[in-house]
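The values are calculated or read from the model by the stated rules, or taken from the named source; none is laboratory data. The structure displayed is predicted, hence computed values, not measured ones. Every residue, glycine among them, receives a Cβ derived from its backbone with ideal geometry; neighbour counts consider all protein chains shown. Only protein heavy atoms, including side chains, enter the accessible area calculation; ligands, DNA and RNA are left aside. Shrake-Rupley method; radii C 1.70, N 1.55, O 1.52, S 1.80 Å.
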Amino acid sequence: MTFDVADLPGRAQELNKAANDAASDTFDPQIGYAPNYVTSDDEVLGIYNDFLDAPAPEDFSWAAEGLLKAMRKLATSGFNANKQGDKPDHPNLEPGNNDLTGVDAAGVEVEDWTGDAADAFFLNYGEKFVPTASNQFCAYYVLRHAVNAEAAVWQTARDDLDKLSKDAIEQMRHVADSNQDDWTNALSVAGAVVAIGGAIPTAGATLSGWAVVGAGVTVASTGMGLAKKEEKKKDPLALANGNPQEIIREVKRALGEIKKEIKSGEEEIKRVVEDAVNTIDGSWKEFCLPRPALADVPRKDIYSPENMGGV
Amino acid sequence: MGLTGTELGAEIGNIYKMGKEVLPGVADDYNDAWANTPAAVSGSTSRGGGLGDDPGPKMDALLDKLNKATFDTEDALRDVAQALVWTADDYVFTDQAAKDEFDRKRKKVDE
């Protein structure tokens with residue numbers, strides 16, 4: 001279950017209490033508190049404030065599911081519906097939608113008619129329909145994986161925050177222990193998962209821009225993808241023999257690392273989506289065929305020579 | 001081409017089937033695609049405090065294009081389908097034999 005960031009203020013309070021307890025343990029009426037054992041209440045209580053309205057990964061489920069449903073309708077051939085984190089050797093294969101070829105078939109039926117609108121429908125719409133649907137499918141594919149990657153970024157961030165905030169409290173409670181080795185490196189930051197899902201299935205698609213978007217996907221995959229997630233990058237936080245001030249400083253540094261992971265992950269996602277938008281903007285007619293003249297012929301003119309002139 | 005009679009009726013029957021069944025089916029698929037495409041996701045990606053680099057507005061821009069493409073495609077398909085039905089319905093009055101054959105095919109489609 002995803003960690004609820006609404007628990008972070010409570011974790012901060014526990015951390016602050018542990019810090020104050022640790023400081024109290026060192027109080028000597030003759031010499032006062034031990035150096036570096038007194039921390040600022042305001043600083044500790046507000047330590048997680050930047051994360052309190054972090055997006056929740058489950059808030060993206062409906063969008064990803066809706067996009068997949070749309071993809072099923074626009075798939076001109078079978079595709080793998082796996083998402084990030086699914087095992088690559090267990091593909092979730094979905095069939096193509098054979099209905100889509102019906103538009104080309106309609107164009108063939110109309111081909112024998114001699115009107116200009118009929119000719120235009122055959123040449124400019126029927127024949128181009130399936131490749132255009134493929135272009136649309138590619139855009140859905142990119143966006144669905146981008147949405148899933150965004151959810152994965154926040155899932156990872158929340159997992160990190162959960163672990164970090166718990167470990168920090170334990171670390172603070174054990175700050176006066178003689179043997180702190182067990183707590184060394186207890187804090188870690190896992191890399192976010194932003195792999196967009198491998199090469200875009202461009203079968204039949206005509207827009208060359210998908211290659212550019214696909215290149216972005218590759219960069220995203222190799223830059224911060226599943227491999228790093230599996231490695232569980234350990235952040236060697238220097239907490240052995242620490243004191244409360246040092247622990248707070250290290251927690252803040254770990255939070256900074258989480259922020260960096262979120263930012264770099266989202267930059268990749270944003271760039272891939274932007275590439276897709278640019279691809280479409282440059283070739284809108286290949287993404288959405290212009291409305292065929294046949295669609296706007298009044299009934300009384302339907303088989304005039306300009307429209308469906310006859311066979 | 002000059003098709004007449006039964007041949008013409010069969011051809012018109014095919015046109016009718018395209019307009020009555022095939023294109024509306026594809027239009028339905030596009031309607032489903034459009035209906036399942038979110039209007040926006042930026043509500044889910046929003047956050048305060050300058051955290052990360054919110055990709056929500058870019059995603060919304062792509063969603064706008066997907067929504068427009070699927071909506072417009074459905075609209076065009078339905079109107080073309082209507083035009084094909086009109087073609088079939090009206091053309092047969094030029095040729096009685098064609099009309100008879102078309103009526104036979106139309107009955108099969110409408111059943």
Q | Buried solvent-accessible surface, both chains (A, B), 1.4 Å probe, Å² to nearest 100 | A | 5400 Å²
Q: Evaluate the Debye formula for the stretch B:70-111 with equal point scatterers sitting on the alpha carbons, no solvent, and hand back log10 of I(q)/I(0) at q = 0.20, 0.31, 0.34 Å⁻¹, in q order, two decimals.
A: -0.67, -0.99, -1.06
Q. In whole Å, what three semi-axes, largest first, describe the equivalent ellipsoid of the stretch A:24-136 built from its Cα gyration tensor (square root of 5 times each eigenvalue)?
A. 67, 17, 9
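What's the local net charge at residue A:300, with K and R +1, D and E -1, over the other residues with C-beta under 14 Å away? If you can, show how the numbers build up before the last one.
Details: positive: A:299; negative: A:296, A:301, A:306, B:89, B:90.
Computed value for this residue: -4.
So what is Rg over Rh here for the stretch B:16-93, counting just Cα atoms and using Kirkwood for Rh? Write down the numbers at each step before the final one.
On the way: Rg = 19.2 Å, Rh = 14.7 Å.
My calculation of the ratio gives 1.30.
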Q: Compute the accessible area per residue over the stretch A:1-133, keeping the other protein chains in place, probe 1.4 Å, unit Å².
A: 51 Å²
Q) Mean separation of Cα pairs under 8 Å and 6+ residues apart, divided by the residue count of chain B: what relative contact order is that in percent? A) 51 percent
Q | Burial of 40 Å² or greater, the stretch A:53-69 residues [accessible area, probe 1.4 Å, versus chain by itself] | A | A:53, A:55, A:60, A:62
Q. Leaving out same-chain residues fewer than 8 places away, which aspartates and glutamates sit with a Cα under 16 Å from that of residue B:58?
A. A:150, A:266, A:267, A:268, A:274, A:275, A:281
Q. Could the peptides A:122-131, A:66-75 be put in order, highest first, of the mean number of other beta-carbon atoms found within 10 Å of their residues?
A. A:66-75, A:122-131
Q: Within a 10 angstrom radius of each residue's Cβ in B:40-46, how many Cβ atoms of other chains show up on average? Whole number is fine.
A: 6
